[in-house]
1. Is there a quick way to get the dipole size of the chain? I mean about its Cα centre, with the Cβ of Lys and Arg at +1 and of Asp and Glu at -1; what is the value in debye to the nearest 20?
2. Nearest 0.05, what FRET efficiency do Val264 and Asp10 give at R0 = 56 Å with Cβ-Cβ as r?
3. Per residue, how much accessible area does the chain show when a 1.4 Å probe rolls over the protein heavy atoms, in square angstrom?
4. Mind giving me the FRET efficiency for Glu88 and Glu308? R0 is 35 Å, r the Cβ-Cβ distance, nearest 0.05 is fine.
5. Report, by chain and number, residues whose modeled amide H sits under 5 Å from the one on Gly189, excluding near sequence neighbours (fewer than 5 apart, same chain).
6. Identify the residues of segment 199-214 with backbone N under 13 Å of a label point that sits 7 angstrom from the Cα of Glu31 along the Cα-to-Cβ direction, or state none.
7. Taking a label point 7 Å from the Cα of Glu185 along the Cα→Cβ vector, which residues of segment 58-95 have an amide N closer than 18 Å to it?
8. Between Phe234 and Ser132, what is the FRET efficiency for a Förster distance of 30 Å, r being their Cβ-Cβ separation, to the nearest 0.05?
Amino acid sequence: AATMSQSFGDDFGQRIDLAVRIREILRNYPEGTSIVKELVQNADDAGARTVAICVDARRHAARSCASAAAEELQGPALLCYNDALFREADFASIQRLGDSAKRSDATKTGRFGIGFNSVYHLTEVPSFASGSKVVWFDPQCAFLPDVDPRNPGKMVDIVKKPDVLRSSADMFAGFDGAFGWTGGESYAGTLFRLPLRTEDQAKTSKLSDRHHTAASLAPLLGDVAAQAAEMLLFLKAVERVAVYKWAPGAQKPELVHEAAIRDVTPQLRHLRAAPLRGPAPATADFALDVADGSDRQSWVVRGQMGGETASALAARAAARGDKL
């Protein structure tokens, strides 16, 4: 018993450097529209009907930030809004790097995990608001005050802690007024804010040496607009994808382009998700009428989950290591 009570050595073990891991993910994950598509897929998994992407060129005040370094996050940003709420399981899933509760669920298209971390192509500190919570991730522990490397980020419940909302008001300015978010009350949706990595931040960043501006994101915005209608063909809940730009000094964002499914009915909603609900192989055929800006597209879509050649192909691809 005396021997068992003695200390057995000093703490020593393998650890993961979060910044290094994210940098590895970015090397193997493409930039461009894939970043937006990950956010759209996760919104679709949450059952969102509307998704909006906005390049926000505004610069916010930095007089009441939680730290001096956080003042660097007040510049232009990419905003991504959807009208679904984060559940407790979503808050847990988004904290796991490369491991997701959705991984074992074949009905989920996107997932928080590897794909979500593609946002670090654009930002040092991604943030989001959903319900009464506002979250910031700080994997380098460089921008937020008193960040614990074991949990490198902060979550504020603005309903339970209105004093934080008041004392660090400028930290929330990037959300305020964006797609219906108002501080002090619960938000019926989810709003991601990705402050763009500045040139100075890129010089010392452990994540990426690429910096961005609102102007440099214009091609990304154009690509999302061009692909928005096509995205709707492969989603099961989202019915509208809109693209906005927010000019400095403007009170609200300007709609640049939108693609939306026309004549949505309960039956159409059921058919879009039907292959994911029935026993495999399950199929569903339906017509999809899409308004794409001033154009109109008509599609016949067949959805199928598993079965016959698809299942055989998936099995062979997995054996080759293609991870299909």
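The values are calculated or read from the model by the stated rules, or taken from the named source; none is laboratory data. A quick note: this is a predicted structure, and the numbers were derived from the prediction, not measured. No Cβ is skipped: glycine too gets one built from the backbone with ideal geometry, and neighbour counts run over all protein chains shown. Remember, those area values only see protein heavy atoms, side chains included, never the ligands or the DNA or RNA. Shrake-Rupley method; radii C 1.70, N 1.55, O 1.52, S 1.80 Å.
1. 480
2. Numbers: r = 62 Å, r/R0 = 1.11.
Between Val264 and Asp10 the formula returns 0.35.
3. Values: 17020 Å² over 324 residues.
For the chain, the per-residue accessible area is 53 Å².
4. Numbers: r = 38 Å, r/R0 = 1.09.
After rounding, the FRET efficiency stands at 0.35.
5. HN-HN under 5 Å from Gly189: Gly131.
6. 199, 202, 208-214
7. Only 83-85 pass the distance filter.
8. Numbers: r = 32 Å, r/R0 = 1.08.
For R0 = 30 Å, the calculated efficiency reads 0.40.
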